[in-house]
1. Among the residues that make up region 77-88, is at least one of them in contact with a Leu (Cβ under 6 Å, 6 or more places away or on another chain), in a helix (DSSP H, G or I) and within 22 Å of A13 (Cβ to Cβ)?
2. Residues being assigned to a helix (DSSP H, G or I), more than 14 Å from L152 (Cα to Cα) and not acidic (D, E): count how many of those fall in region 199-225.
3. Of the conditions (1) within 24 Å of S77 (Cα to Cα); (2) touching a helix residue (DSSP H, G or I) at 6+ places or on another chain (Cβ under 9 Å), E191 fails just one. Which one is it?
Amino acid sequence: MVMDPVLQQEQKAEIGYLVAKAQEGDKQAREQLLRDYRPFYLRVASGSAKKYLVLGRDDEASIAMMAFNEAISAYNSNAGASFLSFAEMVIKRRMVDYYRKRSSKHSEIPLSSFEDDDNEVGTINRIELRNALYEQQRQREGEEYREEIFRLNQMLSDYGISFSELVKISPKHEDARRRALEVARTMAEDEKLKEYLLKRRALPLKALQERVSVSRKTLERQRKYIITLTLILIGEFYFLQEYLKKV
């Protein structure tokens, strides 16, 4: 069932108010958020754990609650994402950290523990163990990457940008892509330019012209592409940022 847009706005305003009060030190506001949104953070964590979670019984449930509490303290309304989207990202990150620590504990078991009297069998066991740990890590990284894409897509919708549109308007030539990335880096490193983008959902064209060697016509043509690159650079997008570093 689709929520009524008016109710959705009221809920968003209420969450924003409670988060702001909690950040000011209002313990009751923080407790209300942790109580009212327990189904939300347990649902997000259950998706990562691939099982139903109960607070007080499952470690993952406690981690989800602490991550939600962390999100309350760390949330910045000027960052471009809603609180619940941000909280979802924090919860998923903490779940990944939790499973990585568990994996590392298992990986720290001496490989000799898996050896068999038969050296050949022992070697096979060690190889299988390494492969299993590698595959587990690869799957977790894949989940993080998909989660980053999901968050970026949500963020871009506030700027009137869609992935399908980006495919069509992305510069075809490598030099043009590099210039756009240079503009985005200039934006990301300048607090005033960054603030303009986040508040107005638009490029500060006049100010940019004074900072970069790219024509206004090109800036306007690549506007959505540059905005996307900038949001990646200033947001919590580890995998997408690594990709841009290669570029």
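1. Within region 77-88, the subset in contact with a Leu (Cβ under 6 Å, 6 or more places away or on another chain) is 78, 80.
Add one more test, that the residue is in a helix (DSSP H, G or I), and what stays is 78.
Narrowing the set further to residues that are within 22 Å of A13 (Cβ to Cβ) leaves 78.
Within region 77-88, one or more residues are in contact with a Leu (Cβ under 6 Å, 6 or more places away or on another chain), in a helix (DSSP H, G or I) and within 22 Å of A13 (Cβ to Cβ).
2. Filtering region 199-225 for residues assigned to a helix (DSSP H, G or I) gives 199-200, 205-209, 216-221, 223-225.
Going one step further and asking which of them are more than 14 Å from L152 (Cα to Cα), we end up with 199-200, 205-209, 216-221, 223.
Those still in the list that are not acidic (D, E) too: 199-200, 205-209, 216-219, 221, 223.
The qualifying residues number 13.
3. (2)
A short reminder: the numbers here are calculations on the coordinates, not readings from a lab. Since this is a predicted model, take the numbers as computed values, not measurements. Here Cβ is always computed from backbone atoms with ideal geometry, including for glycine, and neighbour counts include all displayed protein chains.
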